[in-house]
Amino acid sequence: MTTHKRILVTGGAGFLGSHLCKTLVQQGHDVLCLDNLYTGFRGNIADLLTEPNFELIRHDVTVPLSLWVERIYNLACPASPVHYQRDPVGTIKTCVQGAINVLDLARQTGARVLQSSTSEVYGDPSVHPQTEEYWGNVNPIGIRSCYDEGKRCAESVFFSYQRQCGIEIRVMRIFNTYGPRMHPNDGRVVSNFIMQALQGQDITLYGDGSQTRSFCFVDDLIRGMVGMMEQDKVSGPVNFGNPMEIPMVELAERIIQLSGSKSRMVFQPLPADDPRQRQPDISLAKAILDWKPVVTLDDGLSQTIAYFQGVLAHGL
Ligand code: NAD
Ligand code: UDP
């Protein structure tokens, strides 16, 4: 039985945040969703807006905030390369100043705070699969650095507040996650490929398509996120993702097959600093939470394809 809590979710109107808010509302918590609607939108949380234990606060996390909460999930930050590179300075501010602001709030209220960090802290990894001990291989001045280094600095901010101020922190490193409510135009590979396949457009593979990623379905990830927040064994960082690794060309083939599309693949230039490979070692999450993903890639992709079919038929 979950104890009722007052919970702040920054970035709650985004892809992951909206799923998290829904789970927490269903568990009976009082949920405050803070979002500046930069990449998120009201439609993602439309069914929650009528719930008495849910509230949307339109606010930028880079601006200090003052309210009383017992838990803070810090998700505010654009996650797609297209979006985080559109305003790189804003991305750094959101990562770093946003982290400072939620931690100052935690200091005022005594709240426990969870940071949604990322596999991007490993950069283009030379250790494979990636374990939490690996320090990463990030280009500090490249086009991805606003996000990668922003998130790395945010981790440093979190651990500094823990050491210096005794704040209760939880840090999870999230690997590529997909599912319903991803934005159809956010430029990430799963949404791009599915939207292209459903509209009979060319599937755009960057580079030769041999680079790999490992995709976790959103329901598995959110279960891990809530588990990570509520466990008392470690602060982290802890990897969360699905170890099933796949080259992008195979992902395209699966999406074409599952959606019954006639789209063909085209090859376009690889963006700078695009990581060659990525696969989480999730031994730690398994050991502390008994967590592992259960949704297969085909199952998750089918649910996501059905969602995007709905978006194409009825709009967002
Ligand atoms: P998203 O872009 O869908 O959601 C981010 C949300 O944060 C949006 O609602 C956006 O409007 C909001 N936001 C952005 N800047 C803000 C600011 N300054 N103030 C307030 N709100 C702001 O992305 P997502 O996939 O839901 O990612 C959520 C979090 O998880 C991010 O922190 C991201 O770095 C992390 N993450 C996601 C993935 C993934 O595969 N989805 C992987 C690793 C880490
Ligand atoms: N990608 C691709 N075609 C697209 C979008 C992305 O081939 O239309 C590739 C991209 O170059 C990367 C991988 O898919 O190698 C995952 O990209 P995404 O932006 O989803 O996530 P990230 O690179 O941050 O893991």
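Listing for the model above:
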{"quantity": "Added length on full extension, which subtracts the Cα-Cα distance from 0.36 nm per residue, Val249 to Ile143", "calculated": "35.8 nm"}
{"quantity": "HN-Hα J in Hz across the range 42-55 - Karplus 6.51, -1.76, 1.60, θ = phi - 60°, x for Gly and Pro", "calculated": "4, x, 4, 10, 3, 6, 8, 4, 8, 7, x, 9, 9, 9"}
{"quantity": "Convex hull of Cα atoms in the range 164-315, direction-averaged projection (nm²)", "calculated": "10.6 nm²"}
{"quantity": "Equivalent ellipsoid semi-axes, the chain, via Cα gyration tensor eigenvalues times 5, rooted, Å", "calculated": "30, 23, 18"}
{"quantity": "Reach of Lys292 by Cα under 27 Å, taken over lysines that are not fewer than 8 positions away in the same chain", "calculated": "Lys5, Lys22, Lys151, Lys233"}
{"quantity": "Loop-located GluC sites (Glu not before Pro) in the range 179-277 whose Cβ has at most 12 other Cβ within 10 Å (DSSP)", "calculated": "none"}
{"quantity": "For the chain: relative contact order, % (alpha-carbon pairs under 8 angstrom, 6 or more apart)", "calculated": "17 percent"}
{"quantity": "For the range 43-164, radius of gyration divided by Kirkwood radius, i.e. Rg to Rh on alpha-carbons", "calculated": "1.01"}
{"quantity": "Label-point separation in nm, Gln108 to Val63, each point 7 Å along Cα→Cβ", "calculated": "1.4 nm"}
{"quantity": "Accessible surface of the range 1-129, 1.4 Å probe, proportion on carbon and sulfur as whole %", "calculated": "52 percent"}
{"quantity": "Inter-site label distance for Arg6 and Lys233 at 7 Å from Cα along Cβ, in nm", "calculated": "3.2 nm"}
{"quantity": "Longest exposed-site-free window of the chain, the sites being chymotrypsin sites (Phe, Trp or Tyr not before Pro) in a DSSP loop that have at most 13 other C-beta atoms within 10 Å", "calculated": "136-316"}
{"quantity": "Selection of GluC sites (Glu not before Pro), the range 127-181, meeting DSSP coil and at most 12 other Cβ within 10 Å", "calculated": "Glu133"}
{"quantity": "Amide proton proximity set for Phe54, modelled H, under 5 Å, gap of 5+", "calculated": "Val31"}
{"quantity": "Antiparallel bridge percentage (DSSP; both residues within the chain; nearest 5)", "calculated": "10 percent"}
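The values are calculated or read from the model by the stated rules, or taken from the named source; none is laboratory data. Everything quoted here is computed from the prediction, not taken from an experiment. Every residue, glycine among them, receives a Cβ derived from its backbone with ideal geometry; neighbour counts consider all protein chains shown. Heavy atoms of the whole protein, side chains included, go into the accessibility calculation; ligands, DNA and RNA do not. Shrake-Rupley method; radii C 1.70, N 1.55, O 1.52, S 1.80 Å.
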